[in-house]
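Everything on this sheet refers to the single structure shown next.
The values are calculated or read from the model by the stated rules, or taken from the named source; none is laboratory data. The structure displayed is predicted, hence computed values, not measured ones. Note that each Cβ is placed from the backbone with ideal geometry, even for glycine, and that neighbours are counted across all protein chains shown. To get the accessible areas, we keep the full protein, side chains included, count just its heavy atoms, and leave off ligands, DNA and RNA. Shrake-Rupley method; radii C 1.70, N 1.55, O 1.52, S 1.80 Å.
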Amino acid sequence: MVKPYSSDLRDRFCRLIAKGMAARAAARHLDLSESTGVKWGHRLRTTGRLETRPMGGDHRSKLTDEREWLVARVK
């Protein structure tokens, strides 16, 4: 599983944007992909923050409701 970019890198990106640099240029300057820069720039404009989002999700079984039916089919 990939890890999120560090908060230090995100802070440097925010500072470059605050100085007037375009998101794509800031991404290239920090050796990030331009698509990451565009996404971060959009999120920074809309939310005012650039924190990491929660990773992971619901890891419970999707077949809980079908358990009895499945067990009956296997026997």
Fill in the blank from the handout: Taking Cα atoms, the helix 34-47 axis meets the longest principal axis of the chain at an angle in degrees (rounded to 10) of 90
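Heavy atoms only, probe 1.4 Å: what % of the accessible area of the chain goes to carbon and sulfur, would you let me know?
Values: 3390 of 6450 Å².
That fraction is 53 percent.
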Completion exercise
Scoring the chain by relative contact order with C-alpha pairs under 8 Å, at least six apart, yields a percentage of 25
Practice task
Mind giving me the nanometre distance, one decimal, between the label points for Leu9 and Arg60, set 7 Å out from Cα along Cα→Cβ?
Solution key: 3.4
Fill in the blank from the handout: Largest fluctuation, Arg28, Arg43, Arg53 only, Gaussian network model of the chain with Cα springs under 10 angstrom, belongs to Arg53
Practice task
Give the residue from Ala26, Gly48, Leu70 lying farthest towards the positive end of the charge dipole for the stretch 2-75; charges sit on Cβ (+1 for Lys and Arg, -1 for Asp and Glu) and the dipole is referred to the Cα centre.
Solution key: Ala26
Fill in the blank from the handout: In a Gaussian network model of the chain with springs linking alpha carbons closer than 10 Å, the residue among Thr46, Thr36, Thr64 that fluctuates most is Thr64
Problem - Within a Gaussian network of the chain (alpha carbon springs, distance under 10 Å), most fluctuating of Leu63, Leu50, Leu16 - result: Leu63
Completion exercise
Env charge @ His42, Cβ radius under 13 Å, K,R +1 / D,E -1, value +4
Handout entry: Helix axis angle, 7-18 relative to the chain longest principal axis, alpha carbon, degrees
Key = 50
Exercise for the section: Give the total of Lys-Lys pairs in the chain with Cα-Cα distances below 26 Å; include a pair only if its members are 8 or more places apart or on different chains. Expected result: 4
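Could you size up the charge dipole of the chain around its Cα centre, putting +1 on the beta carbon of Lys and Arg and -1 on that of Asp and Glu, and report it in debye to the nearest 20?
Computed about the Cα centre, the dipole is about 160 debye.
Report D for the chain in µm² per second (integer): Stokes-Einstein, Kirkwood Rh on Cα pairs, 37 °C, 0.692 mPa s. Working shown, then result.
Values: Rh = 15.1 Å.
For these conditions, the coefficient is 218 µm²/s.
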Handout entry: Convex hull of Cα atoms in the stretch 29-71, direction-averaged projection (nm²)
Key = 5.5
